[in-house]
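Engineer: Submitted below is the structure of interest, expressed as structure tokens.
Coordinate-derived values only; no laboratory data. Just so you know, these numbers come straight off a predicted model, no measurement behind them. Here the Cβ positions follow ideal geometry from the backbone for every residue, glycine too, while neighbour counts run over all protein chains shown.
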Amino acid sequence: MRHMSVIVGFCCLVLSSISALGSPAASIQAALLAPGKHHLNVLIQAADQTTEIPVTVVTGSQPGPTLLVLAGIHGSEYAPILASHRFGVQLDAEGIRGSILIVHIANPPAFRGRSIYTSPADGLNLNRLFPGKASGSLSQKIAFFLTNDIYPLADAVLDVHSGDANEDLKPAWTGFYATAGSATVIEQSRALAFAFGFKHVVPFQWTFSERKDAIWAGSAAVALGIPAIDVESGGMGVPETEAVEAILEGFHRTLAHLGMTDQTFSPPKGQIIIYDRESVKAPQDGSWVSLKEAGKAVKSGELLGILTDWHGRTVFEARSPKDGILLLRLSAPPVREGETLVIVASTESVR
């Protein structure tokens, strides 16, 4: 059994009864039943390591769905984390139907360690560990907690990311699993992806036959029958104001879409589908020199960057595999064999 320390604020009073209920799920469930704004710190314990996950629960005065906002799966993806902080501060329970459950930093060891991809606690990538393990390492136990204690409380999930600290990602996009889950979950996820308001949307073509194969945070929700989308905005370890603002507006658009607030937004116009993403990977360790920014149009065969050995001698030329848009590029020099250097995608306007 995992244990949890909880600090809950509601009308400037401490709700000690919530922290006394024992399990993380019970404590969060109690917050979902008590109108107001609640701040919790969830203690996750592995054999020789611990961490606390900051969670805000905002429970409205009227019934409605529960939206889960999940940020900080990767510790150096800062725009989603800052947007989640601002979202939690802005929300007023009086104007909400239902509840919003915000996991501000799902991976505190990676955030504190300023680590890309993996956690310094165990060297693992949290976004490859779902549905997690009850008796695993710290990252595996975080994935287990999210999958088993948090996801079942939600009616919809926003898994919010950016390019990592060494990745330039443009344009911002939302993605949904277009071929996984029931027809209802697919349609609801699709509607969430478009309602978030970003111009670009990615219909993921990945499928999974068993729950254990849904190793990504968003896919783990879909495997449980919960509509979910991925959000990508920002990157390179810089919490750009534009990226934070775009995510924050998307949160509020989602509340309106789900009927949780009376706020109104103009429908997004001119949205574009991103499809057929192709990556170029590093054939060996080396030092990367990128020659083109993300978000730019590229031609098939165009030189996008070079990989050198440790003496600066070119060992590989990364060329575009097709005409399209440079969706992501590695922006920092250090590269390991097999890492993605660039991703090029095709696009088409929504009809």
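Engineer: For the range 197-259, what D do you get in µm² per second when you plug the Kirkwood radius from alpha-carbon pairs into Stokes-Einstein at 20 °C and 1.002 mPa s?
Structural biologist: Details: Rh = 13.7 Å.
The estimated diffusion coefficient comes to 156 µm²/s.
Engineer: To the nearest 20 Debye, how big is the dipole of the chain about its Cα centre, given +1 on the beta carbon of each Lys and Arg and -1 on that of each Asp and Glu?
Structural biologist: Values: 27 positive and 33 negative charges, 36 e Å.
Once rounded to the nearest 20, the dipole reads 180 debye.
Engineer: Specify the residue with the greatest mean-square fluctuation among Lys212, Lys170, Lys37, computed from a Gaussian network of the chain linking alpha-carbon atoms under 10 Å apart.
Structural biologist: Lys212
Engineer: From the C-alpha coordinates alone, can you work out the Kirkwood hydrodynamic radius of the range 187-306, in Å?
Structural biologist: Working: mean 1/r = 0.0576 Å⁻¹.
Hydrodynamic radius (Kirkwood, Cα only) of the range 187-306 equals 17.4 Å.
Engineer: Using each residue's phi in the range 84-90, evaluate 6.51 cos²θ - 1.76 cosθ + 1.60 at θ = phi - 60° and report the 3J(HN,Hα) Karplus result to the nearest Hz, with x for Gly and Pro.
Structural biologist: 5, 4, 5, 4, x, 5, 6
Engineer: Same structure, new question: Taking amide H atoms as placed 1.01 Å from N in the peptide plane, list the residues 5 or more away in sequence, or in a different chain, whose amide H sits under 5 Å from that of Gly72.
Structural biologist: Placed amide hydrogens put Ile81, Ala106 under 5 Å from Gly72.
Engineer: Sticking with this one: If neighbour count is taken as other Cβ atoms inside 10 Å, put Val201, Val160, Val89 in order from fewest to most.
Structural biologist: Working: Val201 22, Val160 31, Val89 9.
Going from sparsest to densest Cβ surroundings: Val89, Val201, Val160.
Engineer: Using only the alpha carbons of the range 134-176, what is the convex hull's orientation-averaged projected area in square nanometres?
Structural biologist: Details: hull surface 17.9 nm².
If you wrap the Cα atoms of the range 134-176 in a convex hull and average its projections, you get 4.5 nm².
Engineer: Give a residue-ordered list of calculated ³J(HN,Hα) values for the range 142-157 (Karplus: 6.51 cos²θ - 1.76 cosθ + 1.60, θ = phi - 60°; whole Hz; x for Gly, Pro).
Structural biologist: Once θ is set to phi - 60°, the couplings for the range 142-157 become 5, 4, 5, 4, 4, 5, 9, 9, 9, 3, x, 7, 9, 9, 7, 10 Hz.
Engineer: When you take every Cα atom in the range 46-180, what is the radius of gyration, and what is Dmax, the widest Cα pair distance, in Å?
Structural biologist: Radius of gyration, then largest Cα-Cα span, for the range 46-180: 15.2, 43 Å.
Engineer: Among 74-86, 253-265, 118-130, how do they line up by average Cβ neighbours within 10 Å per residue, starting with the highest?
Structural biologist: Values: 74-86: 24.6, 253-265: 16.7, 118-130: 20.0.
The most tightly packed comes first, giving 74-86, 118-130, 253-265.
Engineer: Are there any GluC sites (Glu not before Pro) in the range 307-341 that are in a DSSP loop and have at most 11 other Cβ atoms within 10 Å? List them by number.
Structural biologist: On the way: sites: Glu317, Glu337, Glu339; in loops: Glu337, Glu339.
The qualifying sites are Glu337.
Engineer: I would also like to ask the following. Placing unit charges on C-beta atoms (Lys and Arg positive, Asp and Glu negative, everything else neutral), compute the dipole magnitude of the range 275-349 about its Cα centre in debye, rounded to 20.
Structural biologist: Details: 10 positive and 11 negative charges, 24 e Å.
That gives a dipole near 120 debye.
Engineer: Name the residues whose placed amide hydrogens come within less than 5 Å of the amide hydrogen of Val315, ignoring near sequence neighbours (fewer than 5 apart) on the same chain.
Structural biologist: Amide H to amide H, under 5 Å and 5 or more residues apart or across chains, Val315 pairs with Leu307, Thr308, Asp309.
Engineer: Shifting gears a bit: Could you list the GluC sites (Glu not before Pro) in the range 174-259 that lie in coil according to DSSP, counting only those with at most 10 other Cβ atoms within 10 Å of their Cβ? Present the calculation step by step, with values, prior to reporting the outcome.
Structural biologist: Numbers: sites: Glu187, Glu210, Glu232, Glu240, Glu242, Glu245, Glu249; in loops: Glu210, Glu240.
Those satisfying the criteria are Glu210.
Engineer: Mind checking the range 303-349 for trypsin sites (Lys or Arg not before Pro) that DSSP puts in a loop (not H, G, I, E or B) and that have at most 14 other Cβ atoms within 10 Å? Could you put the intermediate results ahead of the total?
Structural biologist: Working: sites: Arg313, Arg319, Lys322, Arg329, Arg336; in loops: Arg313, Lys322, Arg336.
Those that pass, being in a loop and sparsely packed, are Arg313, Lys322, Arg336.
Engineer: What is the ratio of the Cα radius of gyration of the range 285-337 to 2.2 N^0.38 Å, where N is its residue count, to two decimals?
Structural biologist: Values: Rg = 11.2 Å, N = 53, 2.2 N^0.38 = 9.9 Å.
Taking N as the residue count of the range 285-337, the ratio is 1.12.
Engineer: Now for a different question. Given the range 102-190, what whole percent of its Cα pairs are spread farther than 20 Å? Mind showing how you got there, number by number?
Structural biologist: Values: 1794 of 3916 pairs.
When all Cα pairs of the range 102-190 are counted, 46 percent exceed 20 Å.
Engineer: While we're on this one: Please report, to two decimal places, log10 I(q)/I(0) for the range 9-257 at q = 0.10, 0.13 Å⁻¹ as given by the Debye formula with identical point scatterers on the Cα atoms and no solvent.
Structural biologist: Debye curve over Cα of the range 9-257, log10 I(q)/I(0) at q = 0.10, 0.13 Å⁻¹: -0.43, -0.76.
Engineer: Same structure, new question: Which whole-Hz ³J(HN,Hα) couplings does the range 126-131 yield from phi under the Karplus relation 6.51 cos²θ - 1.76 cosθ + 1.60, θ = phi - 60°, glycine and proline marked x?
Structural biologist: Running phi through 6.51 cos²θ - 1.76 cosθ + 1.60 with θ = phi - 60° gives 4, 7, 10, 10, 6, x Hz.
Engineer: Under unit Cβ charges (Lys, Arg +1; Asp, Glu -1), what dipole magnitude, rounded to 20 debye, does the range 225-351 have relative to its Cα centre?
Structural biologist: Details: 13 positive and 18 negative charges, 71 e Å.
Charge dipole of the range 225-351: 340 debye, to the nearest 20.
Engineer: Amide H to amide H under 5 Å from Ser99: which residues, 5+ apart in sequence or cross-chain, H placed 1.01 Å off N in plane?
Structural biologist: Hits under the 5 Å cutoff: Gly60, Thr66, Leu67.
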